[in-house]
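Beneath this line is the structure, given in structure tokens, with notes to follow.
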Amino acid sequence: MKTRIRAGLVGVVTSMTALATVAAATTVVRGPYLQTPTTASMIVRWRTDLPSSSRVAIGPAPGSLATNYDSLVPVTEHVVPVTGLTPDTLYYYSVGSISGAFVGDDVDHFFRTAPTTGASTPFRIWTIGDAGFTGADLDAVRDTFKAYNGGTSATDLFLLLGDNAYLTGTDMQYQAAVYDEHAEMLRTTPVYSTFGNHERISSQDLAQTGPYYDMFSFPTLGEAGGVGSGTESYYSFDYANVHFIVLDSEDFTPSSASGPMFTWLQSDLAATTADWVIALWHRPPYSRGLFHNSDTELNEVRMRQFVLPALESVGVDLVLCGHSHNYERSFFLDGHYGNGASFTNAFKKDLGDGDPTGDGAYRKADLGPIANSGAVYVVDGSGSEHRNATLAHPAHLVGLLETGSMVIDITGNTLTAQFLSGAGVIDDQFQIVKGSSCAPTPASGCNTAVRGKLTVRENADPARSRWSWKWKGGTIDAADVGDPTAETDVAVCVYDATGTLFGGQVFHGGVAWRTIKRGFEYRDKTLANHGFQKIKIRTGTPSLGAYVQAKAKGVGIGNPALPATTPITAQFLNLDSGKCWSSEFTTTRRNQADRLTAVIP
Amino acid sequence: LDELDAATRQELAKRPDDPQRHIERARVLQMKGEWDAALEEVETAAARGGDPDVLGQVRASIYLDAGFPRMAKVEVDRVLARRPDAAGLLYERGRAWLAIGNPEAAARDFGDAIAKGPRPTPEQVIAHRDVLLGLGKKDAALRALDDGMARVGHVVSLELPAVDLEVELGRYDAALARLDRLAATAPPNPLWIARRGEVLDKAGRGAQARAEYAKALALIDARPAARRGKPFVDLKRRLEMALASAEHRGESR
């Protein structure tokens, strides 16, 4: 049995017998709940009806809780940092006093430490906004997530988007709407929150006073990654390969690009190297909810004018807000800081819906945050009720008048966000995929053609290496190709039996794509995209001469390992629809260290 | 606010004798700028047995927002007489003093609030600094930042303003020491390294400044081009100009 006693507290205890007597009658009336997870620590909090010492016991399984973390000061608000842990590891725990456990040491009390910072470990976020009304609607939102999550509330992160307890964010209201309502989740899943306007009635962000600041332990000095802010009103943290930024859109809403929150934000953004950046605050920059119009509410206007440019300039991927009691989800946007009336298609980085089952995911070329490459803005404010409104903000692609929550899965280079209604239906989803490499294996179910040719020339001077591929003699339906000049992302990839040889993704739009007769052509003398010099798609039937052609050269093609191992597969893919056109070469005419020629038939 | 207005009205209708409901309603009316109505709710809460300390605090806050700082101060003084430990109120009284036109007293209360408050914030510390700067007391402003950081932590929103003040006062080594302390709190940050270069430049240590500029530039260049947004582009341009200027000065010496 190992026991860690918090420094400086040992001398406080005068009568162990007295403590033991108190502990025997003590009841946990709030929690336990988990805060500020890091790769090596977790803060465990709970409230008791009577003062007692604090003990968290942890171990690898119920019945094996061999390590104790103690604080000997008798308190009712217990805050125990559990440290010295291993990343991405499951721990079971109990909470109690030094005289014994009150709750836990069972299969219902466990937590997982954060994955190694920067690692592409898949993880899930459950997030709700304005979920402060208790009752059947909130119960349904909570329970549908549990059902969706495989019958358990436990997930990796629980994000509260403000207005977490109506009407005024009192401690008692928090007890009902957060601690009682989500007890099962809170004892297994660390929770973060942002400060809403209803919290502001009982708590003050300027002085960090009131129940909101009494009940939470958020990182203020970069304890969980990021730059320290010095306040729980706004802060940042890292989790796996994501950097989270939590802002205050109440009293600290900047009225210019200055002030403590803005100064901190600039430094925090300059320091992060995470693959993903997700920001959250309460008041949405784009909304047309009942009572809440982002064109007229000053805080919303200012967050949009001053905070969004800073976030977008470092490539924020997703912004989560609440406030309006509905669900609104934007296009893939960049650069819109004015009123709704000034919104045009020019602000859309992608005209599509981002739905992998619709017209395809949103894409970013690099795994890390790319400046001004598009972000999705979500109003996830129907956690406990919804209110009728027009939801006609032009920046938004989706508006739903129904209760629900968001489930966000991040798996390496892919972020998938789903709106899960209180009825248990996924009523909206979008995906952001990062990177422009080919998939590790060829797509299946592609259109094939009777003719095809692949040639590769490798040169000692990589700038002179080149390859080309042509697919011909099959049918290409124009509808299947989409429109790369407008919104369709494509890929040309070549594989051999061991993996990807060369190729990559080419995103829609830009000056390189143009429409040609019955098709599209990509030309880029700079060879910026995987060395692609030309990609040409002519739609139609074989008799109309339908074909796909790709040519690439230079260092951008990489250094494919020749000779290749057959079969060799070359493919053109519409990444949005999944349609593809493929040539499979089972034999080669030449297959040497510096050249490859394969032809069908 | 309309939403809150309607909701607090409903709650009050359900429990008209609950002083807490009247206080909540007063807070909402305060947010709406309906001062008289807000004060009426406070008095109703008092008549229903509300906590006089809480009510005094709410009254003070309403008076302050309504532009009656002297009345606010009277309320705060009353509560502080009963509850000298209510450090949060010291900050409110500081605001009142400021509105009355007594920045010296405001600075004193701000300083006490930060020293004694349970969780002072960077915003409060900056307000304290601003009052002292307004009085022309740069040294005191710097001390205010340090006292604040002793409570809040050595955070960028306080340390960088302290660096600026040190530079204004010609204390370059102290400014550099602050930047070193800041650098120790987080991974290498090009903004902070650039600032270090600027301080060195200002101190006339050209060679060291150039080294810092180069270090910051290297940090920016280490980011893939696509990850360099406008802040990095702007910073890079600033650094390149500073570097060129420092080199020019170095050569001409």
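The values are calculated or read from the model by the stated rules, or taken from the named source; none is laboratory data. Since the structure is predicted, the reported quantities are computational estimates derived from the model, not experimental observations. Cβ atoms come from the backbone with ideal geometry, glycine included; neighbour counts cover every protein chain shown.
Overview of results
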item	result
Failed condition for A:Tyr337, given (1) buried (at least 19 other Cβ atoms within 10 Å of the Cβ); (2) within 24 Å of A:Ala270 (Cα to Cα); (3) within 14 Å of chain B (Cβ to nearest Cβ)	(1)
Residue satisfying condition, being without any contact (Cβ under 8 Å) to a residue 60 or more places away in the chain, crowded, with 17+ Cβ neighbours inside 10 Å and within 14 Å of chain A (Cβ to nearest Cβ), within set B:Leu90, B:Leu80	B:Leu90
Test result for A:Leu221, at the interface with chain B (Cβ under 9 Å from one of its Cβ atoms) and within 23 Å of A:Val316 (Cα to Cα)	yes
The listed residue being without any contact (Cβ under 8 Å) to a residue 24 or more places away in the chain and either away from every other protein chain (no Cβ under 14 Å) or at negative phi (or both), out of A:Thr209, A:Thr194	A:Thr209
Segment B:166-192, residues that are more than 10 Å from chain A (Cβ to nearest Cβ) and either under 20 Å from B:Arg238 (Cα atoms) or surrounded by 21 or more Cβ atoms within 10 Å (Cβ to Cβ) (or both)	B:Glu166, B:Val167, B:Ala175, B:Leu176, B:Arg178, B:Leu179
Residue, nearest to A:Asn591 (Cα to Cα), within segment A:541-562, restricted to residues that are surrounded by 15 or more Cβ atoms within 10 Å (Cβ to Cβ) and without any contact (Cβ under 8 Å) to a residue 60 or more places away in the chain	A:Gly558
In segment B:15-37, the residues that are surrounded by fewer than 20 Cβ atoms within 10 Å (Cβ to Cβ) and closer than 18 Å to B:Gly49 by Cβ	B:Arg15, B:Pro16, B:Asp17, B:Asp18, B:Gln20
Residues satisfying the stated conditions in segment A:305-321, i.e. within 14 Å of chain B (Cβ to nearest Cβ), out of contact with any Ser or Thr (no Cβ under 8 Å at 6 or more places or on another chain) and over 15 Å from A:Thr253 (Cβ atoms)	A:Glu312, A:Ser313, A:Val316, A:Asp317
Positions within segment A:240-266 being β-branched (Val, Ile, Thr) and assigned to a loop (DSSP other than H, G, I, E, B), in sequence order	A:Thr253
Any hit, segment A:322-331, residues being under 17 Å from the mean Cα position of the chain (by Cα), closer than 16 Å to A:Tyr286 by Cβ and within 14 Å of chain B (Cβ to nearest Cβ)	yes
Segment A:421-446 - residue that is among the aliphatic types (A, V, I, L, M) and in contact with an Asp or Glu (Cβ under 8 Å, 6 or more places away or on another chain) and, of those, farthest from A:Gly531 (Cα to Cα)	A:Ala423
Of all residues in segment B:205-246 being modelled with pLDDT under 80 and surrounded by 14 or more Cβ atoms within 10 Å (Cβ to Cβ), the one that is nearest to B:Ala175 (Cα to Cα)	B:Ala246
Hey, B:Asp139 within 29 Å of B:Ile220 (Cβ to Cβ), out of contact with any helix residue (DSSP H, G or I) (no Cβ under 8 Å at 6 or more places or on another chain), surrounded by fewer than 22 Cβ atoms within 10 Å (Cβ to Cβ) and more than 14 Å from chain A (Cβ to nearest Cβ) or not	no
Looking only at segment A:563-581, and only at residues there that are among the polar types (S, T, N, Q) and more than 14 Å from A:Leu501 (Cβ to Cβ), the one that is surrounded by the most Cβ atoms within 10 Å (Cβ to Cβ)	A:Asn574
Within segment B:140-206, helices (runs of 4 or more DSSP H) holding 1 or more residues that are under 20 Å from the mean Cα position of the chain (by Cα) and among the polar types (S, T, N, Q)	B:156-168
Residue in segment A:486-504 that is in contact with a strand residue (DSSP E or B) (Cβ under 8 Å, 6 or more places away or on another chain), free of Cβ contacts under 8 Å to residues at least 40 places away in the same chain and under 17 Å from A:Gly474 (Cβ atoms) present	no
Number of the condition not met by A:Ser236 [criteria: (1) out of contact with any Phe, Trp or Tyr (no Cβ under 8 Å at 6 or more places or on another chain); (2) within 11 Å of chain B (Cβ to nearest Cβ)]	(1)
Odd one out for B:Pro161 among (1) within 12 Å of chain A (Cβ to nearest Cβ); (2) without any contact (Cβ under 8 Å) to a residue 12 or more places away in the chain	(2)
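This table checks each residue for (1) surrounded by 20 or more Cβ atoms within 10 Å (Cβ to Cβ); (2) in contact with a helix residue (DSSP H, G or I) (Cβ under 8 Å, 6 or more places away or on another chain); (3) at pLDDT 95 or above; (4) of a type in the set (A, V, I, L, M).
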position: A:Ser15; (1), (2), (3), (4): no, no, no, no
position: A:Thr21; (1), (2), (3), (4): no, no, no, no
position: A:Ala25; (1), (2), (3), (4): no, no, no, yes
position: A:Ile43; (1), (2), (3), (4): yes, no, yes, yes
position: A:Pro51; (1), (2), (3), (4): no, yes, yes, no
position: A:Ile58; (1), (2), (3), (4): yes, no, yes, yes
